[in-house]
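A quick write-up on the structure given underneath.
Readers should treat all values here as calculations from the given coordinates under stated rules, not as data from a laboratory. Only a predicted model underlies this, so the values are computations on that prediction, with no experimental measurement involved. Heads up, the Cβs are rebuilt from the backbone with ideal geometry, glycines too, and the neighbour counts pull from every protein chain shown.
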Amino acid sequence: MALAFTTDEIHAIRSTTPGCTDDLIHLNHAGSSLPDQRVLDVQIDHLRREAAIGGYEAAAEVAEQTQGEVYASIGRLIGCGVHEVARMEHATAAWNAAFWAIPKRPGQRIITHDHDYGANWIAFLRAVEVHGVVIDRIPSDAHGQIDLERLAAALEDPDDVALVSLAWVPTSGGLVNPAAAVGALTRSAGVPFLLDACQAVGHLDVDVEAIGCDAMSATGRKYLRGPRGTGFLYVRDDSIERLVPAQPDHHGADWTAIDGYEFADGARRYEYWEYSHAGWLALGAAVDVALELGVDRIQATVAQRASQLRDQLIASSMTVHDEGIAKCGIVTMSHPRLDAIDVVARLRATGVNASSTFAGSARADMEARDLPPMVRLSVHCTTTVDEVERAVAAVASL
Ligand SMILES: Cc1ncc(COP(=O)(O)O)c(C=O)c1O
């Protein structure tokens, strides 16, 4: 197990993060985190260059980075080849690109867990209408994570299953689902496994080979500390030919004849031609920052800080809702008297950023646990012990 950052190391990371100031306690890293100055500089410098010489001309100057180096950085981050990475605008775009590419026959099941994300559930419901598939909900086990025995039983007739979808870290709590154990089951059943790693990438060590997922979606602005409007999709090498992009353009596919086209090589067949070059470059910089810090050390620091936050909230009479054997940087809680929106607004007025989680993004889980809207506080490796204490004091004083 890697060591958490020391106090001095945390202060060094904070010193290059412009959003880390004494006036603001940012506990909304699971919403949108605070980028390093290097990420900001890369993005702004490229925007300036576009304004100075033209967007296409500026793109040509950084083609080596946008076409090669950013993919290589992401490959190092998640343990895959550059041809298995597609550039995306955000996690939902990545997830949908993979979801709608997976073949589905009427009557086949989409296996999912109650903690799957709201946008993903909307797609399941749409697929029921479009493809006549059936949603097969696997409940949580006693720890709140996907019940692996029930999943194994649901995979006994693999031909009957279109895919397994899992939120590795759900939006609605600190749970870390056992993604690799799910991958072992889907691989032995030969069923496509779509992993939503939106809240995981950047603060959990990711090795797609060890997990065994066929596709994985991620976003830039959350734990990766990248810019908004960026993300990526991973598609496993041997799954690339099994899946068929639903809406390719003339970058994802080559228009070879008036009545024909050929998909681009690798995962780039899921990309569109137009994108924010500044954002993509800055995402690459954010990945490099995370790699230099060491994702294992980020993970250890975040886990330690989140655990301190949970303990102190409980000691201050708050109800903490997080489940799971392994927990991450997301902490969800309820106040004994105030509703979640009220708590978030009042905290904001005292310089503490928090967010709230509603049924719209986590209905299956929140109904199953009969939860009210929750306050969500999320820490990162920039969060200090002092900040946790001050934030809990602010919550307790409401
Ligand atoms: C678990 C999970 N999946 C997917 C998403 C969607 O990510 P994006 O907003 O980047 O599309 C979120 C956003 O909060 C999330 O929490």
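Between L398 and R38, what is the FRET efficiency for a Förster distance of 51 Å, r being their Cβ-Cβ separation, to the nearest 0.05?
On the way: r = 37 Å, r/R0 = 0.72.
Taking R0 as 51 Å, the efficiency between L398 and R38 is 0.90.
Taking label positions 7 Å along the Cα-Cβ direction at both L125 and S316, the computed distance is 3.6 nm, reported to one decimal. Listed from fewest to most Cβ neighbours within 10 Å, the set D237, D22, D322 follows the order D22, D237, D322.
What number does the stretch 43-291 give for Rg over Rh if you use C-alpha atoms and the Kirkwood radius? Mind showing how you got there, number by number?
Details: Rg = 18.3 Å, Rh = 18.6 Å.
Reported Rg/Rh (Cα atoms, Kirkwood Rh): 0.99.
Inter-label distance, D370 to A253: 5.1 nm, where each label sits 7 Å from its Cα along the C-beta direction. Between H26 and N353, the built amide H atoms are under 5 Å apart, and every one of these is 5 or more places off in sequence or on another chain.
Arrange W280, W273, W100 by Cβ neighbour counts within 10 Å, fewest through most, would you? Present the calculation step by step, with values, prior to reporting the outcome.
Details: W280 28, W273 8, W100 18.
Starting with the residue having the fewest Cβ neighbours, the order is W273, W100, W280.
Principal axis analysis of the Cα atoms in the stretch 332-384 yields extents of 34, 27, 18 Å, listed in decreasing size. The value of relative contact order for the stretch 1-100, using C-alpha pairs under 8 Å at least six residues apart, is 13 percent.
Of the GluC sites (Glu not before Pro) in the stretch 215-290, the ones in a loop by DSSP (not H, G, I, E or B) with at most 14 other beta carbons within 10 Å are E241, E274. Taken about its Cα centre, the chain carries a charge dipole of about 1020 debye when Lys and Arg each add +1 at the Cβ and Asp and Glu each add -1 at the Cβ. For the peptides 242-254, 104-116, 196-208, the ranking by packing is 196-208, 104-116, 242-254, with the highest mean count of neighbouring Cβ atoms within 10 Å listed first. Report note on the peptides 209-222, 175-188, 346-359: ranked by the mean count of other C-beta atoms within 10 Å, highest first, their order is 209-222, 175-188, 346-359.
If you stretched the chain out fully between E262 and R337, how much longer would it get, using 0.36 nm times the residue separation minus the C-alpha to C-alpha distance? Working shown, then result.
On the way: separation 75, 0.36 × 75 = 27.00 nm, distance 5.97 nm.
This chain segment gains 21.0 nm when fully extended.
Scanning residues 5 or more positions from D136 or on other chains, those with amide H under 5 Å from its amide H are I110, I111, T112, with H placed 1.01 Å from N in the peptide plane.
Under 5 Å from the amide H of G226 lie the amide H atoms of R221, each residue being 5 or more positions distant or on a separate chain, with H modelled from the backbone and absent for Pro and chain starts.
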